[in-house]
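To keep things clear, I will list the structure first and then write my remarks on it.
The values are calculated or read from the model by the stated rules, or taken from the named source; none is laboratory data. For clarity, every value in this text was computed on a predicted model and none was experimentally measured. No Cβ is skipped: glycine too gets one built from the backbone with ideal geometry, and neighbour counts run over all protein chains shown. With ligands, DNA and RNA removed, areas are computed over all heavy atoms of the protein, side chains included. Shrake-Rupley method; radii C 1.70, N 1.55, O 1.52, S 1.80 Å.
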Amino acid sequence: MSLPPRRRHLAAVPLLCLALLATGCATSSIAAARPKRTEQFRDHLATYTEPSKTPEQAARTAALRDKLLHDEWVERGYRFGNEKGGYALQSASGMGFLGGTGYILFGLPGQWIDFTFGGDRPARDVALMEDPKSPDARRRGINSLLRWDFAQNGPYLRRYRQLARGDPDPTVRSVAIRALNRSRDAESRPLFIDALSDADDRVRLEAAKALVNLPDPAAADPLVKLVSNADEDRDVRIAAAQALDRYKKLEVARALTSRLGEKDFSVAWQARRSLRRLTGKDFHYNEAAWLEYISGPQKPFG
């Protein structure tokens, strides 16, 4: 005699607990997956500019993006109401035995209650995002939508792009760019490059941060311009220096080397870090040694 559906679900709880207990290495493996996927994604994007991509490059980008978003959702934790299945158990496994069991027994039911009875649904977030009178509401709507996996695709991405380009409030533009960054939307790379010259430093900062995760060879020169501008906002310069670690060009290495003597140590530190990434070498903050290496007979940049 088979159990009723509800009792079958209850009977599955001990089995789930045993399964979680058996995944002692799940936490570390899940934590290691996202950085690895991120590096693969960044390396691939650095090989072509968005307007000149081939169908093969586009297909590879889409496949890598799907894998990266999957790993990010697993690590971040699933949310009740999202369309894609399977993340709940994976996320719970990554939380360890006690955390994962608590997540399944209490976390998801709490989300279900909020979803079913509290009106915590994407429609509410969309209404906030489209509020023409309140930039605060538009920002809250965009940020809340990112809790839903399907809100990082399709028409949602198109709307974030529209807001990033055309919203009159710079804080909304910056949050929309952040949403595109968090969605790992490679098609928005030309938008990010354009936003590097926005009048508002908050928009420029989010654009530079986006290009850290979504590099485009066409961004190298604008990023060099930002990091070399002593009057630019410090955080923007730091993000620009970080984003430059994917462009193995002599001009980029020279621009970063020139930043090693900055009075603001945070800019110098990031410049050194990017140089190490580009070359596999470390001459610390010795500008002369760096210049000798990048311009010398070894010609690391051709």
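Here are some notes:
- Selection status of residue 218, open to solvent by less than 10 Å² (accessible area, probe 1.4 Å) and modelled with pLDDT of 95 or more: no
- Candidate set from the range 91-117 (those that are of a type in the set (S, T, N, Q) and closer than 26 Å to residue 145 by Cβ); member that is nearest to the chain's Cα centre (by Cα): 91
- Test for residue 249: is it among the basic types (Lys, Arg), open to solvent by 70 Å² or more (accessible area, probe 1.4 Å) and more than 27 Å from the chain's Cα centre (by Cα): no
- Total residues in the range 222-246 satisfying the condition of being open to solvent by 10 Å² or more (accessible area, probe 1.4 Å) and touching a Pro at 6+ places or on another chain (Cβ under 9 Å): the figure is 2.
- When the range 21-58 is filtered for residues that are over 28 Å from residue 99 (Cβ atoms), open to solvent by 60 Å² or more (accessible area, probe 1.4 Å), without any contact (Cβ under 8 Å) to a residue 24 or more places away in the chain and in a helix (DSSP H, G or I), the ones remaining, listed by number, are 52, 55, 56.
- Contact annotation: residue pairs with Cβ atoms under 8 Å, 6 or more positions apart or on different chains, pairing a residue in the range 256-277 that is open to solvent by 10 Å² or more (accessible area, probe 1.4 Å) and charged (D, E, K, R) with a partner that is at pLDDT 95 or above and not in a helix (DSSP H, G or I), are 272/260; 272/282; 272/284; 272/285; 276/282.
- Elements of the type helices (runs of 4 or more DSSP H) sitting completely within the range 71-159 and holding at least 3 residues that are open to solvent by less than 70 Å² (accessible area, probe 1.4 Å) and under 19 Å from residue 171 (Cβ atoms): these cover 122-129, 135-145.
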